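Bear in mind these aren't lab numbers, they're just calculated from the coordinates by the rules spelled out. These numbers come from a predicted model, not from an experiment. In this analysis, Cβ positions are derived from the backbone assuming ideal geometry, glycine residues included, and neighbour counts consider all displayed protein chains.
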Amino acid sequence: MSTAPAAAAAPLIELDHACVIRGQVRVLHELDLRIEQGQHTAILGPNGCGKSSFIKLITRELYPLARADGHVPVKVLGQTRWQVDRLRSQLGIVSGDLSGNLAEMPGLGVEEAVISGFFASYVVPAHRDVSDDMRARARHALGLARALPLLGRSYAELSAGETRRVLIARALVNQPRALLLDEPSTGLDLVSRQHLIDTMRHLAGQGITLVLVTHHIEEVIPEIQRVVLMKGGRIFADGRRGELLRAGPLSEVFGGPIEVQEEDGRLSAWARAI
C-alpha cells in the first residue's frame, strides 16, 4: 500500500516584490526573499538600509504597498493574514524596543516578564490565571536562554545582557518555530555579547531557526550559513556567508573599506582608515 508524500513545510518568510512606503518615502523596494524553516539566516547592512522596516513588515507594524492584481506580497509560514498574538506564538520576536517597555512595568519580576509572553502583553493580565504548566514552560525557556539563574530577580534591575537573555526566554515560551532577533547585541559590553553569541549557538543546536537582523558581523555565528546583504532598502546580495562576509561585498554595502578576519569560525570586522 503506497502512502502520499508528506506536504513540504511552508517557508518561514516569503516576500514577493514587497514594497513599503513611510510618509512619502519608499523605504523597501521590491524585496524578493524566501527563508525556509530550519535555514538560519542573517540580514545584514548599515544603519538606514531598511532592516528595521523589514522587521516591521514581518511583524505587521508596517504593511506592503497594495498590488493592483490583489496579490499579497508577504507570507509568514504560508499565511497572508495573521493575528499578532498568533504570529508571535509561531515566530518569536526579540527586540530592544520591548525591553524598554517591560522595564517601565512597576514591580515586574523575571518570571512574570517571561510568562507575559503567553499573553502578548507587557504584564500578566489581571483576569488571566497562570497555570503550573505555564510556569514550568517559563522556567524551561529560561533554561534554554541560559537565564535560569535570573529567576527571582526584578526585571528593572537587570543588566542589558541579562535583559536580552530574558527577552529570548520570553519569545521561547510559546515554543515558536523560529526566532527573529532584531539587533540583539545593542548596548551590550564585550562579555555580555559573548554570552549572547553562546546562547544563539545553543538555540541553533536545539533546532530553533534563527533569523538575525544586525549590522554587527561578529554576531553571525557559524551555524548561520546564509547571509542577505541590504543597502538602500533593497537586497544587495543573497548567498553563503563564505562568499558575502568578505572585504569586497561588505565594503560595497557599508560604503567604505572594511577588513574581515575569521578564526575558528568566528568573524571580526573593522573599517580601514581612509
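Measuring from centroid to centroid over Cα atoms, what is the spacing of segment 152-170 and segment 40-72 in Å? One Cα centre to the other: 28 Å. Would you mind counting up the charge near Gly48? Only other residues with Cβ under 14 Å from its Cβ, with Lys and Arg at +1 and Asp and Glu at -1. Cβ neighbours under 14 Å give a net charge of +4. The value of relative contact order for the chain, using C-alpha pairs under 8 Å at least six residues apart, is 23 percent. Once the dipole of segment 118-267 is set up with Lys and Arg at +1 and Asp and Glu at -1 on Cβ about the Cα centre, which of His215, Leu229, His127 lies farthest towards its positive end? Most positive-ward Cα: His127.
Ordering Ala171, Pro73, Phe54 by the projection of their Cα atoms onto the charge dipole of the chain, which places +1 on the Cβ of Lys and Arg and -1 on the Cβ of Asp and Glu, puts Pro73 at the extreme positive end.
Here's how it looks for Leu28: its modeled amide H is under 5 Å from those of Val20, which are all 5 or more places away or on a different chain. Between Ser154 and Thr80, residue separation times 0.36 nm minus the direct Cα-Cα distance comes to 22.8 nm. Computed across the chain, the Kirkwood hydrodynamic radius from all distinct Cα-Cα pairs reaches 19.7 Å. About its Cα centre, the chain has a charge dipole of approximately 420 debye under the convention of +1 per Lys or Arg Cβ and -1 per Asp or Glu Cβ, with nothing else charged. Each of Tyr63, Tyr155, Tyr122 was scored by other Cβ atoms within 10 Å of its Cβ. Arranged with the fewest first, they read Tyr63, Tyr122, Tyr155.
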